[in-house]
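Structure record follows, encoded as structure tokens.
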Amino acid sequence: MPLAAETPTAEDLLDAFCDLRHERFAPAEFRVKWANEPWERREAYALRRAVFCIEQGIFPGDDRDAVDDRAQLIVAAVCVAGMPEQVVGTVRIHRESEGDLPDLWYGSRLAVHPSFRRHSRLGVSLIRLAVGSAHALGCRHFRAHVQAQNAALFRSLHWRDLGDEALFGRPHVRMEADLAHYPAIHDPERGFATFSRRDR
Ligand SMILES: CC(C)(COP(=O)(O)OP(=O)(O)OC[C@H]1O[C@@H](n2cnc3c(N)ncnc32)[C@H](O)[C@@H]1OP(=O)(O)O)[C@@H](O)C(=O)NCCC(=O)NCCS
């Protein structure tokens, strides 16, 4: 079932969650790119609602907020014949003015469909494009409020801890990326391909 165009109900989301089109075959290729097509944005928001509202129960109904009005969405999509076909991962980035930090950017709402977690390094690829594309736009500090259970993943990707915090009643760690490990990515609309590790 394609993800619904209208705002889906919880039942629609669970259907979409369980009836992932590409579970019927093993995708070999994914594209990680800035979302610039309406279907990419629609599916990214539906995936976020499924993960953050239904799976994690952090937000009731819809996780979208004012940041989405100025954030850039990024997606990881399953490719069929080399073309992006269905969103299975997402993150968003936005620039923030905070204190005296120039060119501070944030990443948030990182989510990979459960069927594709620890599958083909989609989380790592989304983080790479998030930080690399902000770097290309002049970012000098890239931060995130990372759920505590994911802090080890970010540390392994050259992020440092800035302090523990509670957000939405859950333990988080404020973290900052070491930009030396994230070369600028100048063509984020095209992004890059990444390949399934399941075939290796
Ligand atoms: C966090 C999340 C985005 C990671 O995505 P993913 O696609 O599964 O991660 P990757 O496959 O890119 O992981 C890369 C490596 O880190 C490891 N890893 C993944 N999640 C990890 C975690 N939470 N802690 C430690 N290591 C982790 C993987 O095993 C993999 O190791 P390998 O290369 O040796 O096989 C995904 O688990 C998710 O969507 N979780 C629910 C939403 C969520 O928690 N979002 C908030 C993020 S702050």
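Please treat every number below as a calculation from the coordinates, not as lab data. Predicted model only: the values in this text are computed from it and were never measured. Don't worry about glycine lacking a Cβ; one is built from the backbone with ideal geometry, like all the others, and counts go over all protein chains shown.
Shape summary of the chain, radius of gyration then Dmax from alpha carbon positions: 16.3, 51 Å. Taking the beta-carbon count within 10 Å as an exposure proxy, list Arg174, Arg109 from fewest neighbours to most. Result, fewest neighbours first: Arg174, Arg109.
One Cα centroid belongs to region 114-141, the other to region 49-84; the line between them spans 14 Å. Length gained on full extension, Glu96 to Asp69: 8.4 nm, using 0.36 nm per residue less the C-alpha separation.
For region 141-200, the C-alpha radius of gyration divided by 2.2 N^0.38 Å, with N the number of residues, is 1.40. Peptides 34-43, 138-147 ranked from most to least packed give 138-147, 34-43, packing being the mean of other C-beta atoms within 10 angstrom over each peptide's residues. Couplings 3J(HN,Hα) of region 186-196, computed from phi: 8, 10, x, 5, 7, x, 8, 8, 9, 10, 4 Hz, in residue order, whole Hz [Karplus 6.51 cos²θ - 1.76 cosθ + 1.60, θ = phi - 60°; x for Gly and Pro]. Coupling constants for region 130-139 follow from the phi torsions by the Karplus curve (6.51 cos²θ - 1.76 cosθ + 1.60, θ = phi - 60°), and in residue order they are 4, 6, x, 6, 5, 4, 5, 9, x, 4 Hz; glycine and proline get x.
Where both bridge residues fall in region 27-195, DSSP classifies roughly 95% of the beta bridges as antiparallel.
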